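Single-structure report; data block below.
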Amino acid sequence: MKNRLQFISLMLFIFAAAQLFAQDAEAIMRKAEEKYAFNTSKAEISMLVYPQADNERNFREYSILSYGRGEEETYLEFLSPRSIKGLRILSKGGDQWVYFSSTGRVRKIAGKAKKESVRGVGGDFSYEDLGGEDMRKKYDFRVLQDRSDKWVLEGNPKTEDATYSRLVVTVDKSSYLIEKIEYYTEEEGHYKDMYMGEVKILGGREMPSQVVMINREKNSKTVIITHSALYDISVDEKYFNPNRFYK
Amino acid sequence: MFLSAVKLNRFETDFMQLEPQHMPSIVNYKKIMEKYDISPFHSMVIAENIEEARKLTNKLEEEPMVAEINSIAYFIPAEEEQKARLALIEEIRNMPERYTNYDYSVEDVEAFAGEVQRLEWNIIEMGDLSVAGLGENNKIVKKRNRMIREIFGAETGKPGKEVFQKLISLVESDPQLYAKRLSRLDAYFVQAMDRNVNAMTQVNRKITVADLPESITKGLMAENGERNLVLIYPQKGIFDDLQSTMHFNEALEEIAPGITGSTQILVTWLEEINQTLWKAALFIFGTVILFLLLNFRSILYTIFASVPLLVGLIWMMGVYPLVGFKLNFFNVLMIPLIIGMGIDFGIHIAHRFRTEGNIETTYRYTGKAVFLSALTTMIGFGSLGLIASFPSIASMGVILFFGIASTLLTTLIILPALFGLLKKPGDKDSQGEKK
């Protein structure tokens with residue numbers, strides 16, 4: 001009888017411990033994602049695209065002013081290079097509009113694939129990588145490693161529209177900031193690595209000012225540097241209106 | 001619990017999943033499947049003549065699991081279709097006047113200038129997008145810049161060749177003159193076009209196999225010129241599960257009973273393995289039981305010796321799908337091997353218990369030996385499962401590891417409980433059947 005009770009207690013403990021770990025991972029991700037959560041944003045960024053990750057000399061640089069609202073609305077305006085200064089891209093859900101300052105025309109571009117680079121201008125960042133949508137909505141997380149200063153979490157898709165087959169997310173224990181995300185796909189295996197560093201106070205928040213995405217399949221690299229950012233500010237409605245975003 | 005999990009087992013029908021996934025050939029195979037939505041493993045059927053090929057092709061086209069068909073019927077249209085086309089060609093050939101000259105008006109010249117302007121804008125925008133995606137010195141923008149003046153977003157720079165603007169200015173400078181010139185250009189164009197159409201409409205007989213290039217006929221036609229091959233490529237998901245593969249085969253078999261190819265061979269193999277495996281497993285198990293009966297001369301001890309294996313096999317088959325593994329052509333062949341190896345533990349323990357009549361002593365000595373020998377076997381097979389780069393070979397190691405581990409566990413957990421049944425209340429040491 002005593003043995004049976006011990007066995008049942010042990011099983012209950014194992015079950016409870018498993019639940020505790022699962023809850024921990026979700027809680028860690030929730031806290032980490034809360035760090036990057038905002039309703040609206042305005043940022044001035046530089047994007048450096050390196051066609052070969054190991055060749056630091058060969059790169060192209062873009063300066064971009066961006067506005068964001070919610071998870072699906074983004075406005076990008078190119079400040080440089082000079083040849084496309086004023087080019088504006090509005091993304092709303094699955095649709096995109098491009099305003100060409102050179103011709104003064106607006107063109108609607110066909111729907112996007114979440115895994116695709118942002119109409120060629122996102123370098124190695126896809127729509128899903130840049131989108132504000134919480135990873136927890138599409139992936140189930142569990143603690144892979146519990147180190148002294150970091151958690152390593154593993155995310156597996158729970159919805160069919162998840163782009164990646166596996167995510168490995170490294171979160172700093174003291175700040176709850178995400179330090180690295182490894183992206184895996186069924187076809188390419190270990191596909192991309194994103195590093196977030198150079199933590200600064202941006203818009204009153206402690207945020208990584210430099211995000212590096214390394215595409216392991218193409219051996220390319222894209223760096224996004226945030227120079228200034230404001231969060232949860234009042235943003236003119238026109239930036240997200242397809243009929244007015246270019247005015 | 002494990003017994004109910006046994007039915008969760010799935011069979012890996014995609015051979016490519018059993019190959020090392022980093023191999024360039026496998027990476028390319030996956031890319032082809034992904035890009036073209038097609039599996040390169042085709043089926044084929046022989047048609048006695050082109051008409052039969054056409055009927056088969058038409059039926060196969062209606063089958064949703066078929067991605068692509070390569071058939072001679074695509075190159076030789078049906079008799080009726082050829083007749084109708086020849087009639088149409090003849091009609092075009094015999095037209096007294098296929099085209100009439102068009103006289104451009106001043107309004108047409110304005111519309112023409114508007115279209116040239118649109119073309120210039122499109123080319124400018126293509127250049128802008130290419131800069132956003134490929135950087136400033138890409139070939140598209142270089143080519144664009146050779147045709148237009150310098151453009152920096154909304155600002156303009158140095159004038160360039162400006163081919164579009166020059167053309168617009170030119171036609172707008174004297175619309176009447178350029179209306180006449182456009183009419184003349186059109187007349188030349190019409191004549192050249194008419195010559196081409198005339199050459200194309202000289203066909204006045206049906207197409208036969210003899211008209212086709214060798215590159216097409218070589219792979220599809222037999223030497224007698226009648227029998228031909230129809231190749232069928234399935235959709236990419238056909239090997240995802242056994243049900244899809246079987247369903248694909250049944251559908252094709254219904255259309256063409258003589259069909260053969262990769263999926264048909266795969267299913268035949270599976271059926272053969274399925275039958276042989278269970279026959280072999282039953283034969284081995286039956287022989288082992290017979291030997292045990294002869295050796296123990298006791299039904300009870302035969303049951304004792306064989307229960308760990310039976311329950312262990314159920315555990316193994318139950319755990320296997322729960323941890324995400326699939327059965328395949330290679331690892332199922334290990335099941336008879338597990339029967340042969342796993343029965344040893346029960347035999348050793350049952351023998352010792354029969355001699356000792358004491359569970360504790362039995363497990364202290366023989367139990368320890370069984371445990372250690374199982375452990376070393378598990379390490380061996382487990383290493384194979386861990387380090388083998390071929391998933392097929394690794395899966396053999398994994399199933400052997402699970403088989404030995406579950407048989408060992410049942411020997412250590414279930415068997416003492418069974419021995420305990422022989423104990424009478426108040427007995428310190430059961431003598432069992434000790435004589």
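The values are calculated or read from the model by the stated rules, or taken from the named source; none is laboratory data. Just so you know, these numbers come straight off a predicted model, no measurement behind them. Backbone-built Cβ (ideal geometry, glycine too); neighbour counts: all protein chains shown.
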Subject >> Matching residues in region B:1-26 - criterion: being part of a helix (DSSP H, G or I), within 14 Å of chain A (Cβ to nearest Cβ) and either over 12 Å from the mean Cα position of the chain (by Cα) or modelled with pLDDT of 80 or more (or both) >> reply: B:Pro24
Original post:
Of all residues in region A:48-69, which are in contact with a Gly (Cβ under 7 Å, 6 or more places away or on another chain) and more than 16 Å from B:Ser130 (Cβ to Cβ)?
Top reply: A:Gly68
**OP:** Consider B:Ser373 carefully, then state whether it is crowded, with 21+ Cβ neighbours inside 10 Å and either among the small types (Gly, Ala, Ser) or in contact with a strand residue (DSSP E or B) (Cβ under 8 Å, 6 or more places away or on another chain) (or both).
**Re:** no
Original post:
Which of the following residues is without any contact (Cβ under 8 Å) to a residue 12 or more places away in the chain, more than 14 Å from chain A (Cβ to nearest Cβ) and under 41 Å from the mean Cα position of the chain (by Cα): B:Glu62, B:Glu79, B:Glu115?
Top reply: B:Glu62
**OP:** Being out of contact with any Pro (no Cβ under 8 Å at 6 or more places or on another chain), more than 7 Å from chain B (Cβ to nearest Cβ) and either crowded, with 18+ Cβ neighbours inside 10 Å or more than 21 Å from B:Arg118 (Cβ to Cβ) (or both) is the filter here, so list the residues in region A:97-113 that pass it.
**Re:** A:Val98, A:Tyr99, A:Gly111, A:Lys112, A:Ala113
Subject >> Residues of region B:215-252 satisfying the condition of being charged (D, E, K, R), at pLDDT below 85 and under 15 Å from B:Met65 (Cβ atoms) >> reply: B:Lys236, B:Asp240, B:Asp241
Original post:
What are the residues in region B:147-186 that are within 11 Å of another protein chain (Cβ to nearest Cβ), surrounded by 14 or more Cβ atoms within 10 Å (Cβ to Cβ) and among the hydrophobic types (A, V, I, L, M, F, W, C), if any?
Top reply: B:Ile148, B:Ile151, B:Phe152
Original post:
Which residue out of B:Ser25, B:Ser71 is among the polar types (S, T, N, Q), in contact (Cβ under 8 Å) with a residue 24 or more places away in the chain and over 30 Å from B:Trp315 (Cβ atoms)?
Top reply: B:Ser71
Subject >> Selection count where residues are more than 16 Å from B:Ile335 (Cβ to Cβ), assigned to a helix (DSSP H, G or I) and touching an Asp or Glu at 6+ places or on another chain (Cβ under 9 Å), scope region B:375-412 >> reply: 1
Original post:
Counting only residues that are in a loop (DSSP other than H, G, I, E, B) and in contact (Cβ under 8 Å) with a residue 60 or more places away in the chain, which one in region B:223-246 is farthest from B:Asn94 (Cα to Cα)?
Top reply: B:Asp241
Subject >> region B:37-95 - residue that is hydroxyl-bearing (Ser, Thr, Tyr) and in a helix (DSSP H, G or I) and, of those, surrounded by the most Cβ atoms within 10 Å (Cβ to Cβ) >> reply: B:Thr57
**OP:** Determine if region A:66-74 includes at least one residue that is part of a strand (DSSP E or B) and within 24 Å of A:Thr170 (Cβ to Cβ).
**Re:** no
Original post:
Given the structure, is B:Phe296 closer than 17 Å to B:Phe15 by Cα, of a type in the set (Phe, Trp, Tyr) and in the same structural domain as B:Ile413 (by TED's automatic domain parsing)?
Top reply: no
Subject >> A:Val235 more than 14 Å from chain B (Cβ to nearest Cβ) and assigned to a loop (DSSP other than H, G, I, E, B) >> reply: yes
Original post:
Across region B:123-146, which residue is farthest from the other protein chains (Cβ to nearest Cβ) among those that are touching a Ser or Thr at 6+ places or on another chain (Cβ under 7 Å) and crowded, with 20+ Cβ neighbours inside 10 Å?
Top reply: B:Val141
Original post:
B:Asp108 fails exactly one of the following numbered conditions: (1) modelled with pLDDT under 90; (2) farther than 30 Å from B:Gly237 by Cβ; (3) not hydrophobic (A, V, I, L, M, F, W, C). What is the number of that condition?
Top reply: (1)
Original post:
Picking from A:Gly68, A:Gly94, A:Gly86, which residue would you name as being over 24 Å from A:Ser220 (Cβ atoms) and within 11 Å of chain B (Cβ to nearest Cβ)?
Top reply: A:Gly86
Subject >> Those helices (runs of 4 or more DSSP H) lying entirely in region B:112-206 with at least 3 residues under 21 Å from A:Gly86 (Cβ atoms) >> reply: B:139-145
Subject >> Answer residue from region B:161-175, given it is out of contact with any helix residue (DSSP H, G or I) (no Cβ under 6 Å at 6 or more places or on another chain) and of a type outside the set (A, V, I, L, M, F, W, C) and is farthest from B:Arg149 (Cα to Cα) among those >> reply: B:Asp174
Original post:
Somewhere in region A:175-194, is a residue modelled with pLDDT under 90 and buried (at least 19 other Cβ atoms within 10 Å of the Cβ)?
Top reply: yes
**OP:** Report, by residue number, each residue of region A:158-171 that is away from chain B (no Cβ under 14 Å), buried (at least 16 other Cβ atoms within 10 Å of the Cβ) and not polar (S, T, N, Q).
**Re:** A:Ala162, A:Tyr164, A:Leu167, A:Val168, A:Val169, A:Val171
Original post:
Residues in region A:216-247 that are more than 22 Å from A:Arg88 (Cβ to Cβ) and at pLDDT below 90: how many?
Top reply: 5
